[in-house]
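This report refers to the structure that appears directly beneath it.
The values are calculated or read from the model by the stated rules, or taken from the named source; none is laboratory data. The shown structure was predicted, so the numbers you read here are calculated from the model rather than taken from an experiment. Quick reminder, even Gly has a Cβ in these numbers, built from the backbone with ideal geometry, and neighbours come from all protein chains shown. Each accessible area value is taken on the protein alone, full model and side chains, heavy atoms only, with ligands, DNA and RNA left out. Shrake-Rupley method; radii C 1.70, N 1.55, O 1.52, S 1.80 Å.
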Amino acid sequence: MFYLISVFPDSLGVRGSVDLGLECICCPLSRWGREFQGCTVLEVKPVTALAQVDREKIYQWINELSSPETRENALLELSKKRESVPDLAPMLWHSFGTIAALLQEIVNIYPSINPPTLTAHQSNRVCNALALLQCVASHPETRSAFLAAHIPLFLYPFLHTVSKTRPFEYLRLTSLGVIGALVKTDEQEVINFLLTTEIIPLCLRIMESGSELSKTVATFILQKILLDDTGLAYICQTYERFSHVAMILGKMVLQLSKEPSARLLKHVVRCYLRLSDNPRAREALRQCLPDQLKDTTFAQVLKDDTTTKRWLAQLVKNLQEGQVTDPRGIPLPPQ
């Protein structure tokens, strides 16, 4: 039996839950303790047995989003019910004034970004609005319209923030969750849209200096972009783009060698493996792949992770293929 597990990091000390957009959110109950160390489990339920919700209450809460006086409670209630109502996204999208109200919640926070004065209460409230936008982004009936309206761009100012306080960290994490929900669909339309925006440099900055959870979601987004042929070609099109990605991944490997995280390492290795599919990137990686991925640095971390070990072995194999060696087995530069 698989379960849907809603979590938030203990370090954030905030109310509410956010789907991080990661593939391990849906997992056997026996694994949650290992997958979500450092997190508080808010809700555990079988994915095949969603609770019945009073639809009249859902309609009421949606209507209450239009009024500033009733909006905060409606945001909280709807964000908690978003997994229980399969058609909540179309209801939100097509109801009068609802998306405008959600965007108003986002825009109202902008003055608190610079200077960074965001409070925990403000962060909780806007993150509930973001959770509903993530619901819209995830639904096949509303995703295209969501992209066509360029709604993800409203979240980018949150990804630009650098404050390490809990309200800002939760804001970044929830915003990343919306983008993660988009890329999780593996749709070409999503990748094409994201490549026209600044999402790659934003993710790279978070991958370099964010919390472990934020780094994990940002790396997951980069991984999904790389797994798309258009995304891989885009990143490998210029030396500047590739070198920026390779530099950040290299820094992450160095940091992971000091503070291991199997979950984050898995996404980093997958990014490297996908880069090795590009001939030019493969040639460059032969020179800049961190030594920690070639030796036994992560052997203990990956001892139970057969998938990541297989990816790592394939990465090393990819980089070795086509190399010219002298009789002593020393790689020679290509002629």
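Structure above, values below:
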{"item": "Pairs with Cβ under 7 Å, 6+ apart, first in the range 116-127 and in contact (Cβ under 8 Å) with a residue 12 or more places away in the chain and assigned to a helix (DSSP H, G or I), second open to solvent by 60 Å² or more (accessible area, probe 1.4 Å) and not hydroxyl-bearing (S, T, Y)", "result": "A120/R166; N124/R15; R125/E72"}
{"item": "Any hit, the range 261-272, residues being under 14 Å from L315 (Cβ atoms), in a helix (DSSP H, G or I) and open to solvent by 60 Å² or more (accessible area, probe 1.4 Å)", "result": "yes"}
{"item": "Condition broken by A131, with the remaining ones in (1) of a type in the set (A, V, I, L, M); (2) open to solvent by 30 Å² or more (accessible area, probe 1.4 Å); (3) part of a helix (DSSP H, G or I) satisfied", "result": "(2)"}
{"item": "The listed residue being closer than 19 Å to L76 by Cβ, more than 17 Å from the chain's Cα centre (by Cα) and in the same structural domain as A74 (by the TED database), out of V126, V136", "result": "V126"}
{"item": "Residues located in the range 66-106, provided they are open to solvent by 40 Å² or more (accessible area, probe 1.4 Å) and not in a loop (DSSP other than H, G, I, E, B)", "result": "E72, N73, K80, K81, W93, H94, A100, Q104"}
